[in-house]
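Novice: Before I ask anything, let me first share the structure, which is written out below as structure tokens.
The values are calculated or read from the model by the stated rules, or taken from the named source; none is laboratory data. Source: prediction; values computed, not measured. Cβ coordinates were reconstructed from backbone atoms using ideal geometry, including for glycine residues, and neighbour counts include every protein chain displayed. We work out accessible area using only protein heavy atoms, side chains counted, and drop any ligands, DNA or RNA first. Shrake-Rupley method; radii C 1.70, N 1.55, O 1.52, S 1.80 Å.
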Amino acid sequence: MGFGYNIVVAVFAAIGAFLFGYDSGIITSVISPDYHVFRRDFNSPGDDLTGAIVSVFAGGCFFGAGLAGYSANRFGRKRTIQLGCAIALLGCSLQTGAHNIATLLIGRLITGFAIGVLSMITPLYQSETAHPKYRGFLVGTTQQMIGVGFITANWIGYGCQYLENSGQYRLPLGIQLIPAVLLLVGMQFCPFSPRWLIEQGREEEARRALTKLHGNGKNDEWLDKQFTEMVEQIRYEKVNESHSWKELVNTRPMLKRTLLACGVQIFINYYGPEMYRLLGIPEGSGQYLLITGIYGVVGPITNFFFITFLIDRVGRKIPLAIGSFGIAVALSVEAAINSEFDPEKEEEATNLDAQRAGITMFFLASIIFSISYGPISWVYVSEIFPMRVRAQGNAVATMCNRALNVLFAQTGLRGMNAIRWKFYLIWVIINICTGLIVIFFFVETKGRTLEEMDALFDDQRISHALADGRASGIASGRLTKADSFSDLSKEAEVHTEHHQKGEV
């Protein structure tokens, strides 16, 4: 079926990311003052309770990502997506039917757990089923669907606020069940990851899945070499390498991978109501709703054009560096505007030029984020780890993302209130440092197969069939399971020796 089928599989799996975006967005509407029926039915929860409604979700995400690191190896990438959907159905049902805060909090915690599973496993599944030439685009649909989910939540939340019964909040919360059911059922018709199948010894099934994902009737030779490379690498790792979580930090190349993965995931752009308030735009005003509505659309539109036309052409490293320094410039200008413009002073409250300039910088930062860290954070993490610890590495990076997300969200508001525009300077410095780290330590992964990443991180053990231009008998099923590993290992080691001597 080839590329078209590969796109369908990747986009369908990204429904898990849609659920992430929708759930993150809809709760903001439900706990807002505009949802008076919710506040009436739940006895007007104070700031502590509304804060808990948000934070327990993030806590669930943290532990859910950890579970996915185990489940992805034990039950497979496909089954782990379905597991996340099943957990989401329970959590969303509890939220929708809740009649007290305790039930709502439990539902939020369970849903967060499910989203932690899905946000970790979705890009991993996409990466392992993607053609290396288009992997950036296919995995980038994760960020795209997060944005689409958030936009959908904003508009559904806006419309439901006018209902005068419990449907005002039960309907938007219950809509989460639709993508969860769709993904749970639909994944049954999607292929298993070919690489996971090989690791389980199901090589014939893996070859069929690989052909279905990438075959076009004209690339049989490429399929043979790709399959050979996957089999050799995975079998070698299975016999000779550790599969434990400690492997993530046991060697310098693995430690580098882990630090880069965590680093690219914890980069957070934190823009919110407090930043608009500093420009004289109070939360809840018509101007605020209009600006945030437009702001929510800008990111997904920019992200779509980036993953479609650029990410697999320019690569990962250059956009990340541009993103770091570009956001630093935008926030520097924002800091300068805020240092001179104080809307609380009567004579400056009507300075519309300063207000518009500040809003423009927010939009510019969002655009830059959407052509750098937004999509690439998911792509890069999913492709740099070897098969034996790919699930563990993705789990740790996602857990770092959730932990730092909570930390910055909690400290950001206090920081903005305490030091106002100077808070932007902290992010300017962080972005500059991040840009330098990208330039000097990140490696370019564009167009490489997942098996070829070991050459980029200086821990290659056997040669790569695609690089050598060879395909072993296993590619066409001529070797038996009993003797194929030793034959393939010997062949790969011979080619490695020749490669080191310059004979290949």
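Novice: Would you list Y236, Y169 from the most to the least accessible area, probe 1.4 Å?
Specialist: Final ranking, largest accessible area leading: Y236, Y169.
Novice: Still on this structure: What's the magnitude of the charge dipole for the chain around its Cα centre, counting Lys and Arg as +1 and Asp and Glu as -1 at the beta-carbon? Answer in Debye, nearest 20. Intermediate results must be reported in sequence, preceding the final value.
Specialist: Values: 43 positive and 44 negative charges, 179 e Å.
I would put it at about 860 debye.
Novice: Where in the chain are the DSSP H helices whose alpha-carbon span along the long axis reaches 24 Å or more and whose Kyte-Doolittle mean is at least 1.6? Before the final figure, lay out each step's value.
Specialist: Values: long enough: 47-74 (41 Å, 0.69); 77-97 (30 Å, 0.45); 101-129 (41 Å, 1.17); 135-160 (38 Å, 0.61); 220-240 (30 Å, -1.20); 286-309 (35 Å, 1.26); 317-340 (35 Å, 1.11); 352-370 (27 Å, 1.19); 390-419 (41 Å, 0.24); 422-441 (29 Å, 2.16); 481-500 (29 Å, -1.35).
Going by DSSP H runs, the hits are 422-441.
Novice: Okay, next question. Two decimals is fine: what's Rg over Rh for the stretch 376-420, C-alpha atoms, Kirkwood radius as Rh? Spell out each step's value before the answer.
Specialist: Values: Rg = 15.0 Å, Rh = 12.2 Å.
So for the stretch 376-420, dividing Rg by the Kirkwood Rh gives 1.23.
Novice: Now for a different question. Would you work out the relative contact order for the stretch 65-157, in percent, from Cα pairs under 8 angstrom that are 6 or more residues apart? The partial results should precede the final answer.
Specialist: On the way: 82 pairs, mean separation 26.2, N = 93.
Relative contact order, the stretch 65-157: 28 percent.
Novice: Another question, then. Compute, for H214, the solvent-accessible surface of its heavy atoms (probe 1.4 Å) with the complete set of protein chains present, and express it in square angstrom to the nearest 10.
Specialist: Rounded to the nearest 10, the figure is 20 Å².
Novice: Just add up the charged neighbours of G323: K/R +1, D/E -1, any other residue whose Cβ is under 11 Å from the Cβ of G323.
Specialist: Around G323, the surrounding residues sum to +2.
Novice: Could you put W245, W427 in order of accessible surface area, largest first, with the 1.4 Å probe and the full protein assembly present? It would help to have the intermediate numbers written out before the result.
Specialist: Working: W245 110, W427 20 Å².
The residues order as W245, W427, largest area first.
Novice: Also, I was wondering about something else. Taking only C-alpha pairs under 8 Å that are 6+ residues apart, what is the relative contact order of the stretch 106-226 in percent?
Specialist: 20
Novice: Tell me, what does the Kirkwood hydrodynamic radius of the stretch 1-54 come to in angstroms if you use every pair of distinct C-alpha atoms?
Specialist: 13.6
Novice: Between the stretch 373-439 and the stretch 129-152, what's the alpha-carbon centroid distance in Å?
Specialist: Here the two parts' Cα centres lie 19 Å apart.
Novice: Which value, in Å² rounded to 10, gives the accessible area of V381 with a 1.4 Å probe and all protein chains present?
Specialist: About 0 Å², rounded to the nearest 10.
Novice: Right, next: Based on the alpha carbon coordinates of the stretch 66-126, what radius of gyration and maximum Cα-Cα distance (Dmax) apply, in Å?
Specialist: Cα only, the stretch 66-126: 12.4, 39 Å (Rg, Dmax).
Novice: Would you work out the relative contact order for the chain, in percent, from Cα pairs under 8 angstrom that are 6 or more residues apart? Could the numbers behind the result be given before it?
Specialist: Numbers: 786 pairs, mean separation 111.5, N = 504.
With pairs under 8 Å counted, the relative contact order is 22 percent.
Novice: Another one. Once you treat every alpha carbon in the chain as an equal point and sum by Debye, what is log10 I(q)/I(0) at q = 0.08, 0.09, 0.11 Å⁻¹?
Specialist: Summing over Cα pairs of the chain leads to -0.52, -0.65, -0.93.
Novice: Then there is this: From the protein chains alone at 1.4 Å, what is the descending order of accessible area for F309, F408, F20, F385, largest first?
Specialist: If we order F309, F408, F20, F385 from most to least accessible, we get F309, F408, F20, F385.
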